[in-house]
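Down below is the structure, laid out as structure tokens.
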Amino acid sequence: MSTDTNFPRINSPKISEVIYDILREKIVSHEIPQGERLDLYEIEKRLGVSRTPLKEALNRLEMEGLIQIFPRSGTYVTNANVEYIIESFDLRRILELYAVELIGTEAKEESLIELKKIVDEMGVLAKHPEMELAYPQYLKLDHEFHRKLVALSGNQRLRDAHERENLHAQMARIRYRSYERELDVAQEEHERIMQAFLARDPILVANILDAHLQRAKRSLLNDMVTTFPQTHS
């Protein structure tokens, strides 16, 4: 792990949660890259924490599939290949479609308004003249849109499972492209999903969402293979 990676000092009663949040963000953003070995002693020193809360945080990260812990050789950031990303996208698709089934026509109006606000903000960013600068924020809003969509189901275990798989999709998108080359298509799909929600038509929501997620997977996998052909292995 690079000694240039910046870590803030921690002084909080929920130390393991803070450590988890810091490491999770650095892994998702690729500030700590895939395949890198974590220097636990260095992390303890930089954060000013002991090993126990660090281990608690690492266990959570391992459960999410963000790191792999090998007792005799160290702790490494997961290096996701094409097959791994395919599986993650497929699980995410199943989870989101199930969420739509659970939601049905029962979503509260205020929840849909909140969801639409995200789509509207994404629409503004999609028209930004400097897309390479706007795309990271667009990606965060996209992540939030799908999280909130699943949250409408009211099923916490479904939300937890989806968060794990959605993270891997987000990490891959950050790593393998500077910005979404089909952003206009993606934005149109988000808007159509939102329109179907507001029309209280869960079947139409599911159909558009299904096509949206399948297209997004194909687009990303094409970028992965083009940029790093060895990720097949």
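Near the amide H of I67, within less than 5 Å, lie the amide hydrogens of E62, T78, all on another chain or at least 5 residues away, with H placed in the peptide plane. Pairs from the list K55/K148; K14/K148; K116/K217 with a Cα-Cα gap above 28 Å: K55/K148. Summary value for the chain: 22 percent relative contact order, contacts being C-alpha pairs under 8 angstrom separated by 6+ residues.
Taking the helices alone, the chain has a mean residue ellipticity at 222 nm of -23000 deg cm²/dmol, built from -39,500 (n - 2.57) per DSSP H run of at least 4 residues and averaged over all its residues. Between L38 and residues 5 or more places away or on another chain, which pairs have amide H atoms under 5 Å apart, with H built 1.01 Å from N, and which residues are they? Placed amide hydrogens put T75, Y76, V77 under 5 Å from L38.
We did not get these values from a lab; they are worked out from the coordinates using the rules stated. Computed from a predicted model, the values in this text were never measured in an experiment.
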